[in-house]
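Enquirer: Quick one: the structure is below, and I'll ask about it shortly.
The values are calculated or read from the model by the stated rules, or taken from the named source; none is laboratory data. In this text the structure is predicted, and so the values were computed from the model without any measurement. Cβ: placed from backbone, ideal geometry, glycine included. Neighbour counts: every protein chain shown. Accessible surface is based on the protein model in full, side chains and every heavy atom, while ligands, DNA and RNA are left aside. Shrake-Rupley method; radii C 1.70, N 1.55, O 1.52, S 1.80 Å.
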Amino acid sequence: MTRILNLILVGLLVASAIGVYSIKYESTLQAEKVAKLRRSIDAERRSIEALRAEWAYMSQPERVGEMAKRHLNLVPMKITQVVTPADLPAKVQQGDLIAEKLEGLGLAGQPQVTGSTQ
């Protein structure tokens with residue numbers, strides 16, 4: 001009886017050692033994954049900071065103005081180019097395009113039959 005109890009306890013000890021080892025191995029693997037993700041996040045943050053700095057440089061008003069002068073043939077507006085709202089054309093009212101198409105097909109005003117009748 002004592003021998004069987006000792007064998008069972010040794011078996012439980014080995015099983016628990018294997019369980020602890022597998023948990024330690026899994027936790028080490030997860031810690032490595034977390035460290036890798038943190039390094040990746042830090043690299044992305046540095047990349048975002050570099051892109052923001054580049055955007056700030058590229059969108060400087062002086063630089064944009066210089067590029068516009070160099071590549072666009074823009075001239076200052078004249079006072080005669082300014083219009084008042086009264087000078088603008090009136091908005092064209094559009095009708096119901098679907099109703100117009102149905103009228104063109106001769107289907108306007110007819111009751112629609114849905115389903116089958118017996």
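Enquirer: Just give me the residues in the range 50-64 being loosely packed, with under 10 Cβ neighbours inside 10 Å and of a type in the set (Asp, Glu), in sequence order.
Expert: Selection gives GLU62 alone.
Enquirer: Residue check, LEU12 against (1) open to solvent by 100 Å² or more (accessible area, probe 1.4 Å); (2) of a type in the set (A, V, I, L, M); (3) within 39 Å of the chain's Cα centre (by Cα), all met but one. Which one?
Expert: (3)
Enquirer: What is the number of the single condition among (1) surrounded by 10 or more Cβ atoms within 10 Å (Cβ to Cβ); (2) at pLDDT below 95; (3) under 37 Å from the mean Cα position of the chain (by Cα) that ALA108 does not meet?
Expert: (3)
Each row is one residue, and each column tells you yes or no for (1) part of a helix (DSSP H, G or I); (2) in contact with a strand residue (DSSP E or B) (Cβ under 9 Å, 6 or more places away or on another chain); (3) basic (Lys, Arg).
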residue: SER27; (1), (2), (3): yes, no, no
residue: LYS33; (1), (2), (3): yes, no, yes
residue: ILE48; (1), (2), (3): yes, no, no
residue: ALA68; (1), (2), (3): yes, no, no
residue: VAL75; (1), (2), (3): no, no, no
residue: VAL92; (1), (2), (3): no, no, no
residue: GLY95; (1), (2), (3): no, no, no
residue: GLY104; (1), (2), (3): yes, no, no
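Enquirer: Among the residues in the range 81-104, are any surrounded by 10 or more Cβ atoms within 10 Å (Cβ to Cβ) and of a type in the set (A, V, I, L, M)?
Expert: So far as the range 81-104 goes, yes, one or more of its residues are surrounded by 10 or more Cβ atoms within 10 Å (Cβ to Cβ) and of a type in the set (A, V, I, L, M).
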